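Colleague: Structure provided below as structure tokens; questions to follow.
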Amino acid sequence: MKKLLSLALAAVMLLALLTACGGGNNGPANSGEPNTNTDQTEFNIISGISALSGGYDDNPVLNAMMENAGIKINWETMSDSLGEQVNIRLTGGELPDAVQAVGWSNYDLGRYGRGGTFIDLTPYVTDASIMPNLSAILEKYPQIKAAITQDDGKIYGLPAAEMMGTGATGAADDYSIHSIQQFSMINKAWLDDLGLAVPETVEELRTALQAFKDNDMAHKMYGADAGSTIPMSFGFDQWCWGQNIFYAPFGLTNWSDVCADLRLTKDKEVVFDCVSDGYREAITYYHDWYADGLIDIEVFSQDDKQYLAKCAQGYVGVATWWEINELMADHAADYVYLPPLKGPDGTCTVTIKSAGSAVNSGMLSITKACESPANLLKFYDQWYTGENVMQLQYGPIGVYFHEEKDAQGMYVSITDEEAREKFGKSAGELKAASEVQGPKLILSEYYTNVFHMEERALQRLDDLQNFWFKYVDDFTFYPVDCVFTQSELDDLDLYRPDFENHVKEQEALWFRDGGPSDAEWEAYKQDLIDTYGMNQILEVYKNAYDRYAAAE
Amino acid sequence: MRKSKSTGMSDKASDIILVTICTVVLLIVAYPLYYVLIASFSDPYDVYAGKTFLLPSGFTFDGYKAVFADPKIVSGFLNSVKYTVIGTIFSVVMLYITAYPLAQKDLPGRKWISLFFVFTMYFGGGLVPTYLVVRDTGLMGSMWALFLPGGVGVGNMIIVRNYFQNSIPHDLVEASEIDGCSKFRTFLSVVIPLSMPILAVQAVFAMVAYWNDWFTAMIYLGGKGEPLPLVLRGILMKSSAASEQASMISGGYAELNKQTELIKFCSMIVAAVPMLIAYPYVQKYFEKGFMAGAVKG
């Protein structure tokens, strides 16, 4: 129902857009000079908010920043369906002074920007007298400025990102915390009981799974009902619980990044994994496991709740998730990471992804209704210091962070026990209650000189660097900050959804029913080119990458 | 109207078959509802693992506790009752006062007025224009924004009009006029009592629609006077926000996620029960209307 409504809404928006475009640009001209008007000191802002938050009116961090900037903000906050509601308001011409935390796509930004609803922020973000902090950051990191600049050379939103990568631990190379999004794991206690070692090749894993099944390990070890053992489970092509890590023995890990199955090779060539021979082999190979009942029959249909339920009950021998504890609950101690496997010919290729630490500019835009953008942007400039953004992200010093810094001069966050004792809620809930959603740019350097990263994130980065990266030979990845022109965005909009859906559907069909014959395989590849615009999509990503590489 | 003595055996057989079929149909219809009911008392992971079939597994009131702990639940319930009662009366009245005139063959311009109504079935302004109209007429934040924009359900209006035309005997209306009824009195004392079945159907349609409506309330009420579905939705959002946060910070996603799932089942029950209770009271009118066998010959 909600989907229907949003679809209907999208259709309506499209119509409204067409008529709006016809009217031409009737907003104030976006000149290159900042508007120096400083009359307006009271602003209305629509913002997203966590459902757990009590509102922004009493937020000490925001209020202090407002006082510094000499302005007052009337917050109108919404915790869900924000995009829908704001779209209605903007199209209806009922403009607040700024829109915060909607998460506009570049496509939306360009649309509202060219239509004159959002103003160009370029002259402000480069002006050190209005935005000293942000302009310094953009000076230091030109790639951030490049990532938020639209193809018409204008900036319609302030930058936001959470650069929680390996760089934040002091490592020389910065890789996203999501570089390898699925960690595979296996029940070591079951292996020990059966006298098996942790598998290193796909064939060894097959033997282990067969043994799990034959001996009904969940029944034997955990006293579950007879026959409830599921040797291996995952969610087909899901993000952190997909099967893609298991394709490594066949030369690919086709996890979804900027586009499903897209990969930048070592030689900087843009290719699609879903037409490679390894991909075909992998699907054909794993179909046998599926047919033999080694793989959960529900992999195509289950949702993450059902998956969590199965794993927590101790039914599953091999699974994927982004850590062991959360998935395996009470049985977590029995599981160990299952390293990427070697194929029949010794192949083991794990590719890494860049998504996750991307800079986006959809979190704050100023509308043409705002008379004095400079006043408002002085307020937002204060978001761009480590200490402030930390408090906006997690909670004020004195609430989420201890007042005293530690020996390294960094802020220390409250522990879960302390949070429960002092505030009666978990640290996560405490964060949600005091978090402010908006243009928060958390640079990786803040994790080494302002505050400590969360334990579990650190743990994951540690796992990545010390375990999973051992299996990565080539660290090339398609940069997520590539900027696309409007016509490229249109092309992607036209082809990508159908292309991705078709590939995924076909992959699932072959996985379930057996791999393609030669004729089917050729027909599939031809179809992707003829009907699904694979070459056009490749062209877009290739051109965008070439421009990106040239700029570096 | 056969009496059942003579062919006892075959009657018994058909009874058995009919009762069996009816029971099976009843089970098919009722089981999903029953399933949600027991799921709302069970450990959600047991539910997903298929451990609940006839009895709850890992009996718990946690879901209901979480739902009823929210102070807005009472006001949400009262608001929903208010919107449903007023909305139902309003929409039935609107149906009657549009459908009855259109059912009169001597109404001038009847064809064009009908066309005008039907036109709106096929061409709607869409959400944004409707929003603009509601805003510019000053209805924002008022409960009338829920009723007025879609006041006349044209499809239903046509059904009611046809009912007036076809199922209310013209002779009877004539007879009442001969007996001295004014047009208005005829409408009140003859047409309305005779059209009870269709009235009941339309009332049920309207009642269910207003009871379940959350989208219009979300768009137009601006957070004031939230009806029950919006309140329940809010509770669910909070719970799922908490588990997402747990996933990122403190751990325990799986545990909080359970709570969210449990709340889903509980809110289904909380939202459905009042309708289930109200339904039988309306249902009796479905038959009542048919008793008016006033035409003779």
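Colleague: Go through the range B:42-70 and give me each residue that's surrounded by fewer than 21 Cβ atoms within 10 Å (Cβ to Cβ) and more than 14 Å from every other protein chain (Cβ to nearest Cβ).
Modeller: Listed by number, the residues that qualify are B:Leu54, B:Leu55, B:Pro56, B:Phe59, B:Thr60, B:Phe61, B:Asp62, B:Tyr64, B:Lys65, B:Phe68.
Colleague: Checking the structure you have, find out if any residue of the range A:418-435 is part of a loop (DSSP other than H, G, I, E, B), more than 14 Å from chain B (Cβ to nearest Cβ) and surrounded by fewer than 21 Cβ atoms within 10 Å (Cβ to Cβ).
Modeller: The answer is no, given that none of the residues of the range A:418-435 is part of a loop (DSSP other than H, G, I, E, B), more than 14 Å from chain B (Cβ to nearest Cβ) and surrounded by fewer than 21 Cβ atoms within 10 Å (Cβ to Cβ).
Colleague: Can A:Gln143 be described as away from chain B (no Cβ under 14 Å), in contact with a helix residue (DSSP H, G or I) (Cβ under 6 Å, 6 or more places away or on another chain) and either closer than 24 Å to A:Ala549 by Cα or at pLDDT 95 or above (or both)?
Modeller: When the stated conditions are applied, A:Gln143 does not pass them.
Colleague: Of the conditions (1) under 26 Å from A:Ala282 (Cβ atoms); (2) over 22 Å from the mean Cα position of the chain (by Cα); (3) of a type in the set (Ser, Thr, Tyr), A:Tyr541 satisfies every one except a single condition; which number is it?
Modeller: Of everything listed in (1) under 26 Å from A:Ala282 (Cβ atoms); (2) over 22 Å from the mean Cα position of the chain (by Cα); (3) of a type in the set (Ser, Thr, Tyr), A:Tyr541 misses just condition (2).
Colleague: Quick one: in the range A:310-320, which of the residues that are open to solvent by 10 Å² or more (accessible area, probe 1.4 Å) and in contact with a helix residue (DSSP H, G or I) (Cβ under 7 Å, 6 or more places away or on another chain) is nearest to A:Val258 (Cα to Cα)?
Modeller: Within the range A:310-320, the match that is nearest to A:Val258 (Cα to Cα) is A:Ala312.
Colleague: Let me ask something additional. So is B:Lys238 under 30 Å from B:Ser75 (Cβ atoms) and within 12 Å of chain A (Cβ to nearest Cβ) or not?
Modeller: Criteria met by B:Lys238.
Colleague: Can you report the number of residues in the range B:104-120 which are exposed (fewer than 15 other Cβ atoms within 10 Å of the Cβ) and either touching a residue at least 40 places away in the same chain (Cβ under 8 Å) or in contact with a strand residue (DSSP E or B) (Cβ under 7 Å, 6 or more places away or on another chain) (or both)?
Modeller: 1
Colleague: In addition: So A:Tyr307 ticks every box in (1) more than 24 Å from the chain's Cα centre (by Cα); (2) open to solvent by less than 30 Å² (accessible area, probe 1.4 Å) but one. Which box is left unticked?
Modeller: (1)
Colleague: Can you find a residue in the range A:258-278 that is crowded, with 19+ Cβ neighbours inside 10 Å and within 14 Å of chain B (Cβ to nearest Cβ)?
Modeller: No - not one qualifying residue is present in the range A:258-278.
Colleague: Are there helices (runs of 4 or more DSSP H) fully within the range B:156-252 with at least 1 residues that are over 30 Å from B:Ala66 (Cβ atoms) and out of contact with any His (no Cβ under 8 Å at 6 or more places or on another chain)? List them.
Modeller: Ranges flagged: B:170-178, B:183-186, B:196-212.
Colleague: Report whether or not A:Thr415 is within 14 Å of chain B (Cβ to nearest Cβ) and either buried (at least 21 other Cβ atoms within 10 Å of the Cβ) or not aromatic (Phe, Trp, Tyr) (or both).
Modeller: Against the criterion (within 14 Å of chain B (Cβ to nearest Cβ) and either buried (at least 21 other Cβ atoms within 10 Å of the Cβ) or not aromatic (Phe, Trp, Tyr) (or both)), A:Thr415 qualifies.
Colleague: Same structure again: May I ask you to verify whether A:Asp58 is at pLDDT below 95, over 25 Å from A:Tyr384 (Cβ atoms) and among the charged types (D, E, K, R)?
Modeller: No: the conditions fail for A:Asp58.
Colleague: Residues to consider are A:Arg456, A:Arg460; find the one that is under 15 Å from A:Met163 (Cβ atoms) and within 13 Å of another protein chain (Cβ to nearest Cβ).
Modeller: That would be A:Arg460, the only listed residue that is under 15 Å from A:Met163 (Cβ atoms) and within 13 Å of another protein chain (Cβ to nearest Cβ).
Colleague: Is there a residue being touching a helix residue (DSSP H, G or I) at 6+ places or on another chain (Cβ under 9 Å) and more than 14 Å from chain B (Cβ to nearest Cβ) anywhere in the range A:80-98?
Modeller: There is at least one residue in the range A:80-98 that is touching a helix residue (DSSP H, G or I) at 6+ places or on another chain (Cβ under 9 Å) and more than 14 Å from chain B (Cβ to nearest Cβ).
Colleague: Might you let me know whether the range A:439-457 holds any residue that is aromatic (Phe, Trp, Tyr) and either surrounded by fewer than 20 Cβ atoms within 10 Å (Cβ to Cβ) or part of a helix (DSSP H, G or I) (or both)?
Modeller: yes
Per-residue answers, yes or no, for (1) open to solvent by 30 Å² or more (accessible area, probe 1.4 Å); (2) more than 16 Å from B:Gly87 (Cα to Cα):
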residue: B:Ala206; (1), (2): no, no
residue: B:Trp211; (1), (2): no, no
residue: B:Met218; (1), (2): no, yes
residue: B:Gly223; (1), (2): yes, yes
residue: B:Glu226; (1), (2): yes, no
residue: B:Leu232; (1), (2): no, yes
residue: B:Ser239; (1), (2): no, yes
residue: B:Ser243; (1), (2): no, yes
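Colleague: Given the options B:Ala292, B:Ala271, name the one that is closer than 30 Å to B:Val201 by Cβ, modelled with pLDDT of 70 or more and either within 14 Å of chain A (Cβ to nearest Cβ) or open to solvent by 40 Å² or more (accessible area, probe 1.4 Å) (or both).
Modeller: B:Ala271 is the lone residue from the list that is closer than 30 Å to B:Val201 by Cβ, modelled with pLDDT of 70 or more and either within 14 Å of chain A (Cβ to nearest Cβ) or open to solvent by 40 Å² or more (accessible area, probe 1.4 Å) (or both).
The values are calculated or read from the model by the stated rules, or taken from the named source; none is laboratory data. From a predicted model like this one, the values you see are computed outputs, not experimental measurements. A quick note on method: Cβ atoms are made from the backbone with ideal geometry, for glycine too, and the neighbour counts reach across all protein chains shown. Side chains included, ligands, DNA and RNA excluded: accessible areas come from the protein's heavy atoms. Shrake-Rupley method; radii C 1.70, N 1.55, O 1.52, S 1.80 Å.
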